[in-house]
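One structure below.
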Amino acid sequence: MPELPEVEVVRRGLERWVAGRTVAAVEVHHPRAVRRHLEGAEHFVAALTGRTFSAAHRRGKYLWLPTVEADGTPAGRAMVAHLGMSGQLLVEKPAQPDETHLRARFTFTDGGRELRFVDQRTFGGLAVEDADGERIPQRLAHIAIDPLDPSFDEAAFSAALRRRKTEVKRALLDQTLIGGVGNIYADESLWRARLHGTRPTDRLTRAQVADLLDGVRSVLGEALAQGGTSFDSLYVDVNGQSGYFSRFLAVYGQVDRPCPRCGTPIVRESFMNRSSYSCPQCQPRPRSRRS
Ligand SMILES: [Zn+2]
């Protein structure tokens, strides 16, 4: 599943290759791709045809592209995209053969590269939402600003985290508290901050929260730097196969391998139908659970 750095890579790709271009035609190849557009596929197509994408923005794992009319005035709508488990937004030459799981195609009036939405598992989707110029569509406004966003409020995050009565890993995955941190980046950030994921948030010190946020920022920043290379191939890549996964992960998926810091074998524990990875030496479990 694409996590925040991959989605930010896609946003940058869209900003570079799609913003400023006018849609000539839209094809929807699978109804599930636009199921979140409640007025239906035909309405989705009509809302975008002839409009120009003015920019590419992101909130958490959602992307939105505001549209303008031919004369440059805001069209009052934006295309919203979510990649789900397996979605990709690809910028391809028109001659490139269709992908097996092509769900939607956008051609542009300049006759250049197409934008294609490819999604094997069809958990992702596209919709057109009302939007006030470049402002975030209302439906996305509740999603927390993530730490890659320049307007992220560190003090507010710290206070909100310490007010919660939950476990720290659950809090990191709570999209209303901090945007875009998935399972992989949560585990890596907790390792950097030397915190076990079951630590109660209301017992964390300010210094521990600051360390955790440093961990989140550095992990996301490094992943973003890795993903940035995919622009060079004109390919907006979100398949999660970047070099980051093999080269930079300290704990995630590293069960029985030595902790890069202390050499203790990494352990896997079950967590919400998934797995958590940690170093039992650097990240001891909290001694007593909350009573
Ligand atoms: Zn360790």
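The values are calculated or read from the model by the stated rules, or taken from the named source; none is laboratory data. These numbers come from a predicted model, not from an experiment. As a convention, Cβ positions derive from the backbone with ideal geometry for all residues, glycine included, and neighbour counts pool all protein chains shown. Surface accessibility is based on the protein's heavy atoms, side chains included, excluding ligands, DNA and RNA. Shrake-Rupley method; radii C 1.70, N 1.55, O 1.52, S 1.80 Å.
Numbers for the structure displayed
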{"read-out": "Rg ratio (alpha-carbon, reference 2.2 N^0.38 Å) - segment 4-140", "value": "0.94"}
{"read-out": "Cα shape, the chain, gyration tensor, a/c 1.5 rule", "value": "prolate"}
{"read-out": "Segment 22-56-segment 143-169 distance, computed between alpha-carbon centres (Å)", "value": "34"}
{"read-out": "Share of pairwise Cα separations in segment 109-224, more than 18 Å, in percent", "value": "59"}
{"read-out": "CD proxy at 222 nm, helix term only [per DSSP H run n ≥ 4: -39500 (n - 2.57); per residue of the chain; nearest 500]", "value": "-7500 deg cm²/dmol"}
{"read-out": "Solvent-accessible heavy-atom area per residue, rounded to whole Å², over the chain at 1.4 Å", "value": "46"}
{"read-out": "Accessible surface of the chain, 1.4 Å probe, proportion on carbon and sulfur as whole %", "value": "48"}
{"read-out": "Charge-dipole axis of segment 1-133 as Lys and Arg at +1 and Asp and Glu at -1 on Cβ define it, positive-most pick from 78, 66, 9", "value": "9"}
